[in-house]
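This report concerns only the one structure given below.
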Amino acid sequence: MKRGLYAALLSATLTSCAPRYAPPPDLPSSVKQISRPEEAQQWLEAVLTYEHDDKLYGEDDFWAPCALTYQLKKGDCEDYAICAAALLDNDIQQGYLIVIYKPPRPENDKTPDSAHAVFAYKVNDRWGILSNGRSEYRAPTFSTLYEALRDSLSYRYNRYEIYDYSGVDIVNGNSSLELVFLTGLERA
């Protein structure tokens, strides 16, 4: 009797600690061969379809690892940015996930707050941007991160939060990713 009770308790404990979804399979070798920003941007546009987190995960904000986004072939802007980071991780000097916010609205404006995410990367000492929006893509031609952000996004956004993903399993993580907030930038 005690043995059965202990087995049931152990099983219940393990089940409650399990990830909310099965860890996705590793990315296929064809995806791992992507090494240039323009290839990564093409892959994002060709393979993924935009879908809000509440429909995919039942949460307002879920930062999915790339393998899960690839498995579902869907994600929102930060999922695209995370996949861009995963695709180029070994082929760039530096990279950050950037969350950008629209300027504050008047008090009587009841539209929901809006944020967007992109991947900023550095290659050959130049910065570029990858995004789910083709119009925001920038080849690595900018001498500073701020110049790349300003050129790509400043017409719609005024505040940027920079997140580091080093040490985070952005490919195969099995829960919503937690990144390290580095700093915020305000548009001048």
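Readers should treat all values here as calculations from the given coordinates under stated rules, not as data from a laboratory. Quantities reported herein were computed from a predicted structural model and do not represent experimental measurements. Backbone-built Cβ (ideal geometry, glycine too); neighbour counts: all protein chains shown.
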How much net charge surrounds Asp151 when only the other residues with a Cβ under 11 Å from the Cβ of Asp151 are counted, with Lys and Arg +1 and Asp and Glu -1?
-> 0
Nearest-20 debye value, the stretch 82-148 charge dipole, Cβ charges on Lys, Arg, Asp, Glu = 140 debye
Which loop-located trypsin sites (Lys or Arg not before Pro) does the stretch 108-188 contain, where loop means any DSSP state but H, G, I, E or B and the Cβ has at most 11 other Cβ atoms within 10 Å?
-> Lys110
Could you list, in their original order, any pairs among Lys73/Lys122; Lys74/Lys102; Lys32/Lys122 whose Cα atoms are separated by more than 22 Å?
-> Lys73/Lys122; Lys74/Lys102
Divide the volume of the convex hull of the Cα atoms of the stretch 22-186 by its number of residues and quote the answer in cubic angstrom per residue.
-> 114 Å³
Mean separation of Cα pairs under 8 Å and 6+ residues apart, divided by the residue count of the stretch 22-186: what relative contact order is that in percent?
-> 25 percent
How big is the charge dipole of the stretch 71-188 about its Cα centre, in debye rounded to the nearest 20, if each Lys and Arg gets +1 on its Cβ and each Asp and Glu gets -1 on its Cβ?
-> 440 debye
DSSP-defined beta bridges in the stretch 22-186 - what % are antiparallel, rounded to 5 | 95 percent
